[in-house]
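Just dropping this structure here.
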Amino acid sequence: MTSAKTLLLDYTLGLADDALVSAQRMGWWISRAPELEEDVALANIGLDQLGQARSLLTYAGQLEGVGRTEDDLAYLRDERDFRNVKLVERPMTDFGVAMARLLVFATYQLHLYRGLSVSSDDTLSGVAAKAVKEVAYHVDHAAHWVLRLGDGTEESHARMQAALDAEWPYVDELFAPLDPSLAGHVADPAALREDVLTDVRRVVTEATLSMPEVSPALGGGREGLHTEHLGYLLAELQHLHRSHPGATW
Amino acid sequence: MASTGSTDGKNPDPTGSGRRWPLWEVFVRARRGLSHVHAGSLHAPDAEMALRNARDLYTRRGEGVSLWVVRSSDIEASTPDERDSFFDPAADKIYRHPTFYDVPEGVEHL
Amino acid sequence: MYGNDFGGDQHTRHEPDRPHDDRAFTALLAGEGRVEPRDDMPEGYRKTLVRQIAQHAHSEIIGMQPEGNWISRAPSLRRKAILMAKVQDEAGHGLYLYAAAETLGVDRADLVDQLHSGRQKYSSIFNYPTLTWADVGAIGWLVDGAAITNQVPLCRCSYGPYARAMVRVCKEESFHQRQGFEILYTLSHGTPSQKAMAQDAVNRYWWPSLMMFGPPDDDSPNSAQSMAWGIKRFSNDELRQRFVDMTVPQAQALGLTLPDPDLRWNDERGGYDYGEIDFTELFEVIRGNGPCNTERMAHKRAAHQAGAWARDAAEAYAEKHARRTESVA
């Protein structure tokens, strides 16, 4: 395997794992949202993310070239092999946190997928072109909630600000620079920083909230250096599949 | 602001909130060339969220290309009591229907 | 879907002072006409419908939990996506049904309160735990199968909004039963431990599924009135028999057995005989002593309470912005 191909594989796994881990966290909300209509909405978002993850994992398997399927990659890799950012792996059981994270993450995905949709890699550009429409809706949904929570009651304002503050240290990692050998081939996350933050700031300001001023947490997710939360998430995701080696489901 | 969600367990109102989102009626245009048709209702805090909830609830399987939402309380409807005076008088105006008229044999396109 | 009339606050409130014309109502039902929200209807008819539709809606909503229990652990990504979509559909079906109930002049929030306080029930089947992945299959195949058997005749229910909700629900649910069957089929043709898992799930869900049709006809006090009103079209035992007859050959196709030694074809009746159902268990579960009653209600109440601040915020925001819009105009 050439080195550029390994880099492209890692890049693809990064996108795939971001989407997969997000979907896993989103799935928790189905039956726990603030209102039944929101159960339905969050399930739609989770399904979109899961769909993106499946396409990207399948492509990663092809790039790797040893016959691994989406399920092999989702269920049979350990924490150190996962390439997602830490932002998406941390617990997400507060609705404010869920909306703060979705706003940031979906805005990031929107710009990233837009860039990728004109990539010279046909598979990635195809996946991205479909996903752009999905994540645009996720941004819209998150923005509508952040506005309402930020500019709602005193309590919701405080909780929304706290949620944003808690997510913020993990935002920086999204913009880790691309390896130079992939430059011009796929979208460079580092180049998205201004666009993403401008979009997020517009919503945050309109929501009468302030952009958090906190220093970034150490990155490392893309190299498989995760928080302790990911291990538990994967244990739950993978245990049944791993309990029956080779079985078909 | 009315009560927030924190209940102390003794609250007889187990919703944790005395407040309620209003009801909205949803109309879906299934495809271009068709009218919007009433699909059902849902609850939402405002029109923007009602539209979004309608999208997620009533078009999950590609059932629509356009949506309307209307506050249920903004709809004025005829009552069953008025049914006789509203609708029965239309029943005997048979001359409004083309079948009322005799057309001589052989005349076409009329 | 609830067509041609609306559950608005003031419009469809029940008007008790309006004289009820029973002859017109009876004639409407006799002519297989549909009752629509603002029609004159007997109070008993309205109350029965509110209770039945609300409990049907509650069942869809509580029913999200046993299957939702496996979303995070679904053994393949394909299964995870299907399960998420299915549990989401259940939320949707609950919403369609609440909307139908609201055309009768009740508020969804009040119905949900009654669920939370235990004054209204939901289907006892959802008080059984999903202990293995195969239970997700058994719920799809048996529980949804029983639900569809119940729901198909409801598409012709005399109350228009309920019938229309059922049409939509039945259409969407056709995939639910199939995916359950497919899960079990795959398991029973998989490894020995997968097959054992499937058989165990069917063993546990078979009898509770039969109980979903309710008590036997001679012990079902409200059935006759519901039949006369065109709410119910077939008796509990008729529907149960229909379900058994439909399911036995499917079990054979699955290569799984149903846990009833008395189950056998009766040529005379043209249907399967089955063993006696232990309804004391059903009544215990309804009474609140099932394996998961406490957990299901705790989960539901906790979610509702945890979300109160967000619901309040959205409402406060709407009020604020409505005021601002007015002051600008």
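The values are calculated or read from the model by the stated rules, or taken from the named source; none is laboratory data. Remember, predicted model here, so these are calculated numbers, not experimental data. Every residue, glycine among them, receives a Cβ derived from its backbone with ideal geometry; neighbour counts consider all protein chains shown. Protein only, heavy atoms only, side chains kept; ligands, DNA and RNA dropped before computing areas. Shrake-Rupley method; radii C 1.70, N 1.55, O 1.52, S 1.80 Å.
Would you mind telling me which numbered condition in (1) open to solvent by 80 Å² or more (accessible area, probe 1.4 Å); (2) more than 16 Å from the chain's Cα centre (by Cα) B:V37 fails?
It fails just one condition, (2).
Looking only at residues in the range C:271-304 that are basic (K, R) and within 14 Å of chain B (Cβ to nearest Cβ), which one is farthest from C:F126 (Cα to Cα)?
My answer is C:R301.
Where in the range C:102-193 are there helices (runs of 4 or more DSSP H), lying fully within it, with 2 or more residues that are away from every other protein chain (no Cβ under 11 Å) and on the phi < 0 side of the Ramachandran plot?
In the range C:102-193, C:133-138, C:144-154, C:160-188 are the helices (runs of 4 or more DSSP H) which contain 2 or more residues that are away from every other protein chain (no Cβ under 11 Å) and on the phi < 0 side of the Ramachandran plot.
Using the structure shown, decide if A:L42 is part of a helix (DSSP H, G or I), within 7 Å of chain C (Cβ to nearest Cβ) and either within 24 Å of C:L111 (Cα to Cα) or open to solvent by 10 Å² or more (accessible area, probe 1.4 Å) (or both).
Criteria not met by A:L42.
Can we say C:T325 is farther than 24 Å from C:W206 by Cβ, within 14 Å of another protein chain (Cβ to nearest Cβ) and open to solvent by 60 Å² or more (accessible area, probe 1.4 Å)?
Criteria met by C:T325.
Follow-up. I want to confirm something. Restricting to the range C:195-211 and keeping residues that are farther than 20 Å from C:V244 by Cβ and of a type in the set (D, E, K, R), which single residue is surrounded by the most Cβ atoms within 10 Å (Cβ to Cβ)?
Ranking the candidates gives C:K195 first.
I'd like the full set of residues that are among the charged types (D, E, K, R) and closer than 15 Å to A:R148 by Cα, limited to the range A:29-43.
Across the range A:29-43, the qualifying residues are A:E35, A:E38.
Right, another one. Hey, could you check the range C:81-92 for residues that are closer than 24 Å to C:G160 by Cβ and touching a residue at least 60 places away in the same chain (Cβ under 8 Å) and say which is nearest to the other protein chains (Cβ to nearest Cβ)?
Per the stated criteria, the residue is C:G92.
Under 6 Å between Cβ atoms, which residue pairs at least 6 apart in sequence (or on different chains) link something in the range B:65-78 that is without any contact (Cβ under 8 Å) to a residue 60 or more places away in the chain with a partner that is part of a loop (DSSP other than H, G, I, E, B) and open to solvent by 50 Å² or more (accessible area, probe 1.4 Å)?
Cβ pairs passing all conditions: B:V65/B:R31; B:S73/C:D9.
When you go through A:R202, A:R148, A:R159 one by one, which is the residue that is in contact with a Pro (Cβ under 9 Å, 6 or more places away or on another chain), farther than 27 Å from A:Y11 by Cα and either among the small types (G, A, S) or at pLDDT 95 or above (or both)?
A:R148
Which number in (1) modelled with pLDDT of 95 or more; (2) buried (at least 17 other Cβ atoms within 10 Å of the Cβ); (3) more than 30 Å from A:E154 (Cβ to Cβ) marks the one condition that A:E236 misses?
(2)
What helices (runs of 4 or more DSSP H) completely inside the range C:213-329 contain at least 1 residues that are under 30 Å from B:P22 (Cα atoms)?
Here the list reads C:293-306, C:308-328.
In the range C:305-316, which residues are open to solvent by 20 Å² or more (accessible area, probe 1.4 Å) and either facing chain B (nearest Cβ under 7 Å) or in contact (Cβ under 8 Å) with a residue 60 or more places away in the chain (or both)?
Within the range C:305-316, C:Q305, C:E315 meet the criteria.
Could you pull out the residue among C:I71, C:I62 that is modelled with pLDDT of 95 or more and farther than 23 Å from C:G118 by Cβ?
C:I71
Does C:V143 qualify as being under 15 Å from the mean Cα position of the chain (by Cα), in contact (Cβ under 8 Å) with a residue 24 or more places away in the chain and open to solvent by 10 Å² or more (accessible area, probe 1.4 Å)?
Criteria not met by C:V143.
Among the candidates C:L49, C:L77, C:L95, single out the residue that is touching a strand residue (DSSP E or B) at 6+ places or on another chain (Cβ under 9 Å), modelled with pLDDT of 95 or more and within 10 Å of chain A (Cβ to nearest Cβ).
C:L95
May I ask you to list the residues in the range C:210-262 that are hydroxyl-bearing (S, T, Y) and within 30 Å of C:I183 (Cβ to Cβ)?
Answer for the range C:210-262, where residues must be hydroxyl-bearing (S, T, Y) and within 30 Å of C:I183 (Cβ to Cβ): C:T247, C:T257.
Name the residue that is nearest to the chain's Cα centre (by Cα), counting only residues in the range C:280-329 that are hydroxyl-bearing (S, T, Y) and modelled with pLDDT of 90 or more.
Out of the qualifying residues, it is C:T294.
Restricting attention to the range C:153-194, which residues are open to solvent by 40 Å² or more (accessible area, probe 1.4 Å), among the hydrophobic types (A, V, I, L, M, F, W, C) and within 30 Å of C:E43 (Cβ to Cβ)?
Of everything in the range C:153-194, just one residue is open to solvent by 40 Å² or more (accessible area, probe 1.4 Å), among the hydrophobic types (A, V, I, L, M, F, W, C) and within 30 Å of C:E43 (Cβ to Cβ), namely C:V167.
Taking A:M211 and the conditions (1) more than 24 Å from A:E89 (Cβ to Cβ); (2) more than 11 Å from every other protein chain (Cβ to nearest Cβ); (3) of a type in the set (A, V, I, L, M), which numbered condition does it fall short on, given that it satisfies the others?
(1)
Something else: Given the criterion open to solvent by 40 Å² or more (accessible area, probe 1.4 Å) and in contact with a helix residue (DSSP H, G or I) (Cβ under 9 Å, 6 or more places away or on another chain), identify the matching residue among A:D18, A:D81, A:D48.
Answer to the selection: A:D81.
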